[in-house]
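Taking it in order: structure first as C-alpha cells, then the write-up.
Read-outs throughout are calculated quantities, based only on the coordinates presented, and are distinct from any laboratory measurement. Note that the structure is predicted; figures quoted are calculated from it, not measured. Cβ placement follows ideal geometry from the backbone for every residue including glycine, while neighbour counts extend to all protein chains displayed.
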Amino acid sequence: MDLQYVRGHFSERFNGEVGSVYASPGRVNLIGEHTDYNGGFVFPGAIDKGMVAEIKINGTDKVRAYSIDLNDYAEFGLNEEDAPEASWARYIFGVCREIIKRGGKIEGFDTAFAGDVPLGAGMSSSAALESTYAYALNEMFNCGIDKFELAKIGQATEHNYCGVNCGIMDQFASVFGKAGSLIRLDCRSLEYKYYPFNPTGYKVVLLDSVVKHELASSAYNKRRHSCETVVAAIKKNHPEVEFLRDCTMEMLQAVKNDVTEEDYMRAEYVIEEIQRVLDVCDALEKGDYETVGEKMYGTHHGMSKLYEVSCEELDFLNDCAKKNGVTGSRVMGGGFGGCTINLVKEELYDSFIADAKESFTAKFGRAPKVYDVVISDGSRKLA
Ligand code: GAF
C-alpha cells in the first residue's frame, strides 16, 4: 500500500494538511480455524497487505473520516453513543469508544484511509482497519494501552458495534505480526510464540473463490453458540470446564444424547482442530511438511463436513489441490466463501495454478484470484 497515495488523498480532502501515517496488516492462518473463541490454539501470520491511515488531530471533539477506496465520508462526535451508519465508519467509531471506555483520553481528528486486503476474502480487512486505528490513537494520544489490549479493542469493536462475536486471532495477528514468522497463540492465556516460517522448496499461495464471505452473517455467531451449548452440557459433569479447549472426545461422547447432532458435530470438529494446531507446530519444528499438509487437508474435511462452513467453490479448489499433488490445502478464515490456503512444492506451483484457473473457470464461469503469501510485520507507524 502506497504511503504517498494516502497522503495525496488526505491532503486533498483536508486542505493540504499533513498528519501521521499508520498501517496494520491482514492475516493468513496456517491452521486452527474457529478455535480462538473456544479458548484453543491458532497459528496465523500477518501479511504484506493491509490498511494505511493518515490521521491529524483537528482541535474539535469530532472525527471526520474519509474512506478513499469507497470514496465515502463520515463524521461523528466522540461523545456520541450512536454508531454511524456506514459499516466502515463503525469500525473507527467502535475503536474510539473502546479506547474511551478504557480511560484513554482522545480528541477529534481528521483521517483518510485505504487498503489492499481483498474484501470478503477471509484475510481480515476489518481487523486490519481496527488495529490501525487502535495502534495509532493509542500512540498519538499517549493512552498507555498495551498491545494485548489493543487487540482486544479491535475484537470488542466487532462484538459491540458490528454484530460479530469473533475470537481474538485476527486482531492479535495484525497487531503482533512479525516478518517471516507465524504466531502460535494460545487464545485462552494469550501466551504466544513466534515460529520462523520459511518452508524451503515450498510456496504458500491463496486461491480466492471470490465467493463473498459474510462473516457478519448469523452463521458465524451460530457456530459459536453451538460450541457454547456443548460446553454447558459438558460442564454439568465437569464443572471445571470453561471452553471446548478443556474438553476431551470422551467428555463429548458422554453428552451425545444431551445435545443436537449438529452441535455435536461442531464440537467434534473444534476438539480435533485444536489438536491439529499442536501437531502442525511439532511437525514444523521437525521440517516435516508432509504432516503439516496432511493436517491441513484434515481441517478442510472437518470445516466442510462437520463445521459446515465451506461451500461448493472451496471444496472444488480443495479437490483441485489434491488432484495436483499439493501438499496441503484448506479453506482459510471463518469460511462461507473466501480463500483456500495451499502449501505447494515449488515444482508443482505453475501446473497447479494453471489447472485451478482453468478448471474453476470451466465450472464456475470465472477464475479464482491468486495471492502469494508474504509473512510481514504487524501494526506500525509509517510516517
Ligand atoms: C474469523 C474471526 F474473526 C476469527 O476470530 C476466527 O474465529 C476465524 O474467523 C475462524 O478461525 O476470521
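State the Kirkwood hydrodynamic radius of region 234-383 in Å, one decimal place, computed from all pairs of distinct Cα atoms.
It is 17.5 Å.
In a Gaussian network model over the chain where Cα atoms closer than 10 Å are linked, find which of 180, 122, 328 has the largest mean-square fluctuation.
For the chain, modelled as a Gaussian network with Cα springs under 10 Å, the answer is 180.
Take the Cα pairs of the chain, get the Kirkwood Rh, then feed it into Stokes-Einstein at 10 °C and 1.306 mPa s and tell me D in µm²/s.
74
Considering only DSSP states other than H, G, I, E and B, which chymotrypsin sites (Phe, Trp or Tyr not before Pro) in region 1-86 qualify as loop sites with at most 16 other Cβ atoms within 10 Å?
Loop-located and lightly packed - none at all.
I need the semi-axes of the equivalent ellipsoid of region 265-329: take the C-alpha gyration tensor, multiply each eigenvalue by 5, square-root it, list largest first in whole angstrom.
20, 18, 5
At 0.36 nm per residue, and after removing the present C-alpha to C-alpha distance, how many nm does the segment from residue 358 to residue 80 gain when stretched out fully?
So the chain would gain 94.9 nm between residue 358 and residue 80.
Using the basic label-point model (7 angstrom from Cα toward the beta carbon), what is the residue 101 to residue 288 distance in nanometres?
4.3
Which one, 301, 34, 238, has the greatest fluctuation when you compute a Gaussian network model over the chain with C-alpha springs under 10 angstrom?
238
For the residues 295, 56, what sequence is obtained by ranking on other C-beta atoms within 10 Å, fewest first?
With the sparsest Cβ surroundings first, the list reads 56, 295.
What do you get for Rg/Rh over region 183-241 if you use C-alpha atoms and the Kirkwood form of Rh?
Using only Cα positions, Rg/Rh for region 183-241 is 1.14.
As an exercise, identify the GluC sites (Glu not before Pro) in region 202-282 lying in DSSP coil whose Cβ has no more than 15 other Cβ atoms within 10 Å.
In loop regions of region 202-282 (DSSP not H, G, I, E or B), the sparsely surrounded GluC sites (Glu not before Pro) are 214, 240, 242.
Exposure proxy check: 111, 157, 327 ranked by fewest other beta carbons within 10 Å?
Ascending Cβ contact count within 10 Å gives the list 327, 111, 157.
Given the options 71, 221, 58, state which has the largest fluctuation in a GNM of the chain using a 10 Å cut-off (strictly under) for Cα springs.
Among 71, 221, 58, the largest mean-square fluctuation in the Gaussian network model of the chain belongs to 71.
Please compute the Kirkwood hydrodynamic radius of region 21-120 from all pairs of different C-alpha atoms, in Å with one decimal.
The Cα-based Kirkwood calculation yields 15.3 Å.
Place a point 7 Å from Cα of residue 192 in the direction of its Cβ. Which residues in region 345-383 have their backbone N less than 15 Å from it?
What the label zone holds, given the 15 Å backbone N cut-off, is 375-380.
Using the Kirkwood radius over Cα pairs, work out the Stokes-Einstein diffusion coefficient for region 122-162 at 20 °C and 1.002 mPa s, in µm²/s as a whole number.
206
Testing the spin-label approximation: label points 7 Å from Cα along Cα→Cβ at residue 374 and residue 242. State their distance in nm.
With each label point 7 Å from Cα toward Cβ, the separation is 4.0 nm.
Pairwise over distinct Cα atoms, reciprocal of the mean inverse distance: report the Kirkwood radius of region 298-383 in Å, one decimal place.
Kirkwood radius, region 298-383: 13.9 Å.
Would you mind checking the tilt of helix 218-237 against the longest principal axis of the Cα atoms of the chain, expressed as 0 to 90 degrees and rounded to 10?
With rounding to tens, the tilt is 60 degrees.
Give me the net charge of residue 24's neighbourhood, meaning all other residues with Cβ under 11 Å from the Cβ of residue 24; Lys, Arg count +1, Asp, Glu -1.
Neighbourhood net charge equals +1.
Can you give the net charge of the other residues whose Cβ lies under 13 Å from the Cβ of residue 127, counting K and R as +1 and D and E as -1?
Counting the neighbours of residue 127, the net charge comes to -1.
Provide the net charge surrounding residue 48, with neighbours chosen by a C-beta distance below 12 Å and charges set as Lys +1, Arg +1, Asp -1, Glu -1.
Net charge around residue 48: -1.
Convex hull volume of the Cα atoms in region 222-298, per residue, in Å³?
Considering the Cα atoms of region 222-298, their hull volume per residue is 94 Å³.
Listed highest first by mean packing, meaning other Cβ atoms within 10 Å per residue, what order do 190-196, 337-343, 129-135 come in?
The most tightly packed comes first, giving 129-135, 337-343, 190-196.
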